[in-house]
1. So which residues in segment 22-61 are without any contact (Cβ under 8 Å) to a residue 24 or more places away in the chain and either in contact with an Asp or Glu (Cβ under 6 Å, 6 or more places away or on another chain) or polar (S, T, N, Q) (or both), if there are any at all?
2. If VAL106 satisfies all but one of (1) at pLDDT 95 or above; (2) out of contact with any Ser or Thr (no Cβ under 7 Å at 6 or more places or on another chain); (3) not small (Gly, Ala, Ser), what's the number of the condition it fails?
3. Surrounded by fewer than 17 Cβ atoms within 10 Å (Cβ to Cβ), modelled with pLDDT of 95 or more and acidic (Asp, Glu): does that describe ASP122?
4. State all residues of segment 93-111 that are under 22 Å from SER188 (Cα atoms), of a type outside the set (D, E, K, R) and touching a Gly at 6+ places or on another chain (Cβ under 9 Å); if no residue qualifies, say none.
5. Could you list, in sequence order, all residues of segment 34-58 that are surrounded by 13 or more Cβ atoms within 10 Å (Cβ to Cβ) and farther than 14 Å from ASP13 by Cα?
Amino acid sequence: MPGRKRGTAGVHDWEKAKAAVLEHRDTLAAFEDHASIYAWAKENGFATKSLFPKLKIELHKQLDVDYEAMREAAYALRREQIAAAAADGPLIEIYTAADGQGSFAVCGPDGAVVAYGSFHSDDRVFIEGDQTSADLSTAEFAVFIAGQAREELDVEAVRLRLHVLNHEVSADDPVLARAAMRARVDLSIEVSHSNAALEWTQEPGYKQWRETNLVTLVVTEEMATGGGQ
C-alpha cells in the first residue's frame with residue numbers, strides 16, 4: 001500500500017478525536033466561539049499538541065465547524081476594539097534594531113536607550129544567525145514595553161509607532177499581532193535604513209527596561225518625526 005506507515009499512537013489519536021466529536025457533536029456544534037471550543041478541549045484532555053489539531057480537523061469534517069476561521073474572526077474584532085480604544089489615547093514611539101548574532105536594542109523617541117543586551121537563551125522567536133528572527137523578537141519586546149507603558153499611564157489602550165530596520169517585520173505578523181493584543185497596543189510599523197538603536201546593538205553590557213521611565217516614550221503627533229534617527 002503506498003504512503004508512509006502511521007504509528008499506532010497517531011492512529012489512536014485520530015480515532016479518539018473522531019469518536020469525541022461524534023459523541024459530543026451537539027455540545028461542540030453549539031459553541032459560538034473558538035475560546036469555548038478550546039476550553040472544552042482542555043477540560044476533556046484534547047488540548048495537546050497531538051490531539052488538538054486532529055480534533056479541529058474532525059470538527060470541520062463532521063460538523064463544518066472551522067475553528068481557525070472562528071479564531072481569526074475573534075482576533076480581528078479584538079484588534080478593532082483595541083484600535084478604537086487607542087484612537088484618542090497616548091502615542092508611543094520606539095526604535096528597534098538587532099544583530100542576527102544575538103544582540104538587540106530598543107530606543108525611545110529622543111534616541112535614548114530603553115533596553116539593550118543579548119537575547120535570552122530561551123527566546124521563542126530568535127534563531128541564532130537569522131537576522132529577521134532577531135528583528136522580529138526585538139519588535140515583539142518593544143510591543144511588550146509599550147504595554148508596560150500603557151499600564152503606567154493607566155489607560156485602556158495606546159498607539160505604538162514602531163521603527164524597524166527590516167522590511168520583513170510587519171504588524172500583521174502573527175507574533176506581533178498576538179503581542180499587540182496581549183499588550184492592548186494598536187501597532188503601526190515604519191521601516192527606515194538607520195536609527196539610534198542600531199549603534200546600541202554593538203555596545204557591551206546591557207540595560208533592563210525597568211530602569212527607564214516609560215512615560216518618556218509618549219510623544220505628540222508633532223513630536224513623532226524621527227527623533228530616534
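The values are calculated or read from the model by the stated rules, or taken from the named source; none is laboratory data. The shown structure was predicted, so the numbers you read here are calculated from the model rather than taken from an experiment. Virtual Cβ from ideal backbone geometry, glycine too; neighbours counted across all protein chains shown.
1. Hits for segment 22-61 are THR27, SER36, THR48, HIS60.
2. (2)
3. Numbers: surrounded by fewer than 17 Cβ atoms within 10 Å (Cβ to Cβ): yes; modelled with pLDDT of 95 or more: no; acidic (Asp, Glu): yes.
No.
4. ILE94, TYR95, PHE104, ALA105, CYS107, GLY108, PRO109, GLY111 - these are the residues of segment 93-111 that are under 22 Å from SER188 (Cα atoms), of a type outside the set (D, E, K, R) and touching a Gly at 6+ places or on another chain (Cβ under 9 Å).
5. Scanning segment 34-58 gives HIS34, SER36, ILE37, TYR38, ALA39, TRP40.
Okay, residues lined up against (1) among the charged types (D, E, K, R); (2) at pLDDT below 95; (3) within 24 Å of the chain's Cα centre (by Cα):
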{"site": "ARG182", "(1), (2), (3)": "yes, no, yes"}
{"site": "GLN208", "(1), (2), (3)": "no, no, yes"}
{"site": "VAL218", "(1), (2), (3)": "no, no, yes"}
{"site": "GLN229", "(1), (2), (3)": "no, yes, no"}
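Listed here are the residues, each with its yes/no results for (1) basic (Lys, Arg); (2) crowded, with 23+ Cβ neighbours inside 10 Å; (3) free of Cβ contacts under 8 Å to residues at least 60 places away in the same chain; (4) more than 19 Å from VAL215 (Cβ to Cβ).
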| residue | (1), (2), (3), (4) |
| --- | --- |
| THR138 | no, yes, yes, yes |
| VAL155 | no, no, no, no |
| VAL158 | no, yes, no, no |
| LEU162 | no, yes, no, no |
| HIS167 | no, no, yes, yes |
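So that you can scan it fast, the table gives a plain yes or no per residue for (1) of a type in the set (S, T, N, Q); (2) over 19 Å from PRO204 (Cα atoms); (3) in contact (Cβ under 8 Å) with a residue 40 or more places away in the chain:
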{"site": "TYR67", "(1), (2), (3)": "no, yes, no"}
{"site": "MET70", "(1), (2), (3)": "no, yes, no"}
{"site": "ARG79", "(1), (2), (3)": "no, yes, yes"}
{"site": "ASP88", "(1), (2), (3)": "no, yes, no"}
{"site": "ILE94", "(1), (2), (3)": "no, yes, yes"}
{"site": "GLY100", "(1), (2), (3)": "no, no, no"}
{"site": "ALA105", "(1), (2), (3)": "no, no, yes"}
{"site": "ALA112", "(1), (2), (3)": "no, no, yes"}
{"site": "GLY117", "(1), (2), (3)": "no, no, yes"}
